[in-house]
Amino acid sequence: MFRLIAIGDIHDSLKCFPLLAGPAGEADLVVLTGDLTTSGGEPAARRVLDAVKRLGRPFVAQVGNMDLDAVDRLLTAEGVNLHRRGRRFGDVGLFGVGGSNPTPFSTPTEFTEEEIARFLDEGRAEVADAPVQIAVPHMPPHATAVDRVKSGAHVGSRSVREFLESRRPALCLTGHIHEAVGSDRVGSTLVLNPGPFASGRYVDVRVEDHSVSAEIVRLV
């Protein structure tokens, strides 16, 4: 069995990392889905990476919309960047896209829908032959339970939704919309948003015999 745990929207908060040590110790991989910082650069991101490294498990990570470009460069230098890349772990292929679709707030890392579609294709191409595929877009798919803001508006990415409908990965791990904690499906793809890590939630994913199960777990 292959097991991974996914967290996101860390935003400089390290308080829950000690609580994650137990679950992480039983995992094969830790995935950071984006927003390590709040408009932070390399020093802030390094503090988060140091906390992840203390868990003692392999990990991959990518920028969110609130991370500066220096964070993307740091993740590449560390050899853990998932943005626009695919990573193969046995039968499991992960691929990611960081940042977000455009917001009203002009956050540091935003992409057009066309760029998001291209980045997803680039990452998937690197693991296209993996029997089990897991997409990790920081921004959730449009018109789902996990992209709804407090006003009720759906603000997720149309390109992510179209990708899930056409490519049908087994699982989509996302974040970005803090108040939209939960799960949904786009076609056959299960989509999970655990919300900001400061709330103590993570996604527990288990892959066995090409079958994927995943749930949101709360530490506190």
Residue 143 and residue 39 label points (each 7 Å along its Cα→Cβ direction) are spaced in nm at 3.4
With DSSP loop assignment and no more than 16 other C-beta atoms within 10 Å, the GluC sites (Glu not before Pro) in the range 103-183 are 126, 179
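Subtract the Cα-Cα distance of residue 158 and residue 185 from 0.36 nm times their separation in residues, and report this length gain in nm to one decimal. Walk me through the numbers on the way to the answer.
Values: separation 27, 0.36 × 27 = 9.72 nm, distance 1.45 nm.
Between residue 158 and residue 185, full extension yields an extra 8.3 nm.
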Percent antiparallel among DSSP beta bridges confined to the chain, rounded to 5, stands at 50
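How high is the relative contact order of the range 2-218, in percent, with contacts defined as C-alpha pairs under 8 Å that are six or more residues apart? The partial results should precede the final answer.
Values: 553 pairs, mean separation 43.9, N = 217.
After rounding, I find 20 percent.
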When 83, 210 are arranged by how many other beta-carbons sit within 10 Å of their Cβ, fewest first, they go 210, 83
The exposure ranking of 129, 9, fewest beta-carbon neighbours within 10 Å first, is 129, 9
Most packed first (mean Cβ within 10 Å per residue), the peptides 96-102, 49-55 order as 96-102, 49-55
Here the gain from full extension of residue 129 to residue 53, 0.36 nm per residue of separation minus their alpha-carbon distance, amounts to 24.4 nm
To the nearest 20 debye, the chain has a Cα-centred charge dipole, built from +1 on Lys and Arg Cβ and -1 on Asp and Glu Cβ, of 400
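Going by C-beta contacts inside 10 Å, put 112, 107, 33 in order with the fewest on the left. Walk me through the numbers before you get to the answer.
Working: 112 11, 107 17, 33 30.
Fewest-to-most Cβ neighbours within 10 Å comes out as 112, 107, 33.
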For P(r) over Cα pairs in 10 Å bins from 0, in percent, with candidates (i) 8, 35, 35, 17, 5, 0; (ii) 8, 33, 39, 17, 2, 0; (iii) 9, 39, 40, 11, 0, the value calculated from the shown model is option (iii)
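FYI, it's all coordinate maths here, none of it is from the lab. Everything numeric here is computed off the predicted structure, so don't read it as measured data. Heads up, the Cβs are rebuilt from the backbone with ideal geometry, glycines too, and the neighbour counts pull from every protein chain shown.
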